[in-house]
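The values are calculated or read from the model by the stated rules, or taken from the named source; none is laboratory data. In this text, all values refer to a predicted model and were calculated from it rather than measured experimentally. Every residue, glycine among them, receives a Cβ derived from its backbone with ideal geometry; neighbour counts consider all protein chains shown.
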Ligand SMILES: NC(=O)c1ccc[n+]([C@@H]2O[C@H](COP(=O)([O-])OP(=O)(O)OC[C@H]3O[C@@H](n4cnc5c(N)ncnc54)[C@H](O)[C@@H]3O)[C@@H](O)[C@H]2O)c1
């Protein structure tokens with residue numbers, strides 16, 4: 001078992017282990033009700049085993065299930081969940097449990113932040129990608145015009161991974177989760193002072209990763225960044241590496257690409273924009289080898305318009321997180337933007 005302590009405004013522990021022994025260690029269950037929010041897939045695969053374990057911890061468990069996919073991250077779902085909570089007797093002393101991937105984590109975390117003006121919640125992540133999303137307290141639902149447009153900073157009381165649950169993930173969701181882990185590997189050099197980039201690519205070439213070790217390494221990067229800048233006034237923007245083009249691609253593909261897949265493409269693009277062709281090529285080869293979902297490329301203007309909505313932009317200039325001798329957040333010339341796009345398109 002690995003434990004990491006996140007020294008946020010409200011501190012909490014992240015545990016990563018094989019199994020759910022954390023349930024016997026944590027102090028949360030003196031609450032009035034435990035309210036689990038999950039999606040249909042996680043419920044089908046892992047719901048009954050988790051429910052049985054929880055039944056030994058608490059008499060009152062309310063269980064809400066939403067449809068899988070980002071379409072459920074909406075205010076409509078929040079309203080339906082609030083109905084579940086009210087009819088299920090959830091009061092201010094309720095503990096919300098986000099049991100699922102990043103979608104459920106963002107949705108249930110946002111629910112906890114507004115239900116009766118805020119109740120406690122914990123994250124029980126079931127995807128690799130969620131090693132990123134479950135830590136740091138960013139919670140949100142989408143608006144039809146923009147992803148994550150309605151949200152809050154609201155830290156969980158704990159994050160508890162049972163890595164056995166990752167065994168049922170599809171190959172596509174594994175690759176998507178690797179997107180954020182690879183991002184943390186690229187950032188490790190700047191955040192930790194030593195890089196685990198080469199080590200990660202070597203481990204990936206050798207076969208399946210030992211998730212207890214590798215999720216902890218990714219979370220270590222995220223933890224340090226969040227501790228330094230919980231509300232994204234400065235260095236937390238680094239975590240946005242690959243997201244400028246990634247988000248534009250995700251929306252142009254009408255969310256047919258998963259978040260992590262879009263970020264993988266976005267990181268190739270960001271390396272090309274910063275002139276680091278070698279790392280762009282290495283990452284692109286990895287993605288092709290892993291069979292990443294292909295993109296129906298549209299005209300560059302489509303992505304340019306998407307990048308125009310990025311939250312890092314200033315004075316109408318599109319800004320990127322660029323990794324060089326140090327991390328910079330800077331705008332680049334239109335020529336470079338177009339050149340990088342055509343080069344990347346040729347690779348996939
Ligand atoms: N809050 C943050 O800081 C942050 C950071 C990155 C991403 N996100 C958000 O995270 C979401 C993406 O997360 P995700 O990739 O985990 O998506 P997800 O939660 O939609 O899960 C992906 C798919 O995997 C299924 N699934 C989950 N666990 C499973 C398991 N153990 N076995 C089999 N299938 C399983 C889900 O049902 C879903 O179909 C997006 O909404 C994104 O905006 C948030």
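With the requirement that a residue be within 6 Å of the ligand (Cβ to nearest atom) and assigned to a strand (DSSP E or B), what does the range 128-140 give you? Answer for the range 128-140, where residues must be within 6 Å of the ligand (Cβ to nearest atom) and assigned to a strand (DSSP E or B): just 138. With respect to the conditions (1) at positive phi; (2) in contact with a helix residue (DSSP H, G or I) (Cβ under 6 Å, 6 or more places away or on another chain); (3) surrounded by fewer than 23 Cβ atoms within 10 Å (Cβ to Cβ), residue 236 falls short on a single one, namely (1). In the range 56-66, the count of residues that are within 14 Å of the ligand (Cβ to nearest atom) and either surrounded by 13 or more Cβ atoms within 10 Å (Cβ to Cβ) or not in a strand (DSSP E or B) (or both) is one or more. If you go through the range 82-127 and pick out every residue that is within 15 Å of the ligand (Cβ to nearest atom) and assigned to a helix (DSSP H, G or I), you end up with 12. When the residues of the range 305-325 are filtered to those that are touching a helix residue (DSSP H, G or I) at 6+ places or on another chain (Cβ under 7 Å) and not in a strand (DSSP E or B), which remaining residue is surrounded by the fewest Cβ atoms within 10 Å (Cβ to Cβ)? Here the residue is 310. The residues of the range 217-235 that are out of contact with any strand residue (DSSP E or B) (no Cβ under 9 Å at 6 or more places or on another chain) and farther than 17 Å from residue 156 by Cα, listed by number, are 217, 218, 221, 228, 233, 234.
Quick grid of which residues meet (1) touching a helix residue (DSSP H, G or I) at 6+ places or on another chain (Cβ under 9 Å); (2) within 30 Å of residue 285 (Cβ to Cβ):
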residue: 82; (1), (2): yes, no
residue: 94; (1), (2): yes, no
residue: 101; (1), (2): yes, yes
residue: 128; (1), (2): yes, yes
residue: 144; (1), (2): no, no
residue: 177; (1), (2): yes, yes
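Here residue 279 meets each of (1) modelled with pLDDT of 95 or more; (2) within 24 Å of residue 73 (Cβ to Cβ); (3) surrounded by fewer than 18 Cβ atoms within 10 Å (Cβ to Cβ) with one exception, condition (2). Would you check if there is a residue in the range 186-207 being within 13 Å of the ligand (Cβ to nearest atom), assigned by TED's automatic domain parsing to the domain that holds residue 298, buried (at least 23 other Cβ atoms within 10 Å of the Cβ) and touching a residue at least 24 places away in the same chain (Cβ under 8 Å)? Looking for residues that are within 13 Å of the ligand (Cβ to nearest atom), assigned by TED's automatic domain parsing to the domain that holds residue 298, buried (at least 23 other Cβ atoms within 10 Å of the Cβ) and touching a residue at least 24 places away in the same chain (Cβ under 8 Å), one finds none in the range 186-207, hence no.
Annotation note: of 237, 203, 248, 216, the sole residue that is at pLDDT below 95, more than 24 Å from residue 297 (Cβ to Cβ) and assigned to a helix (DSSP H, G or I) is 237. Only residues that are more than 7 Å from the ligand (Cβ to nearest atom) and assigned to a strand (DSSP E or B) were counted across the range 141-174, and they come to 14.
A search for C-beta distances below 6 Å between a residue of the range 126-149 that is at positive phi and any residue that is more than 8 Å from the ligand (Cβ to nearest atom) and in a loop (DSSP other than H, G, I, E, B), counting only pairs 6+ apart in sequence or on different chains, returns 137/154; 137/155. Taken across the range 209-222, residues that are away from the ligand (no atom under 12 Å from the Cβ), on the phi > 0 side of the Ramachandran plot and over 15 Å from the mean Cα position of the chain (by Cα) do not occur at all.
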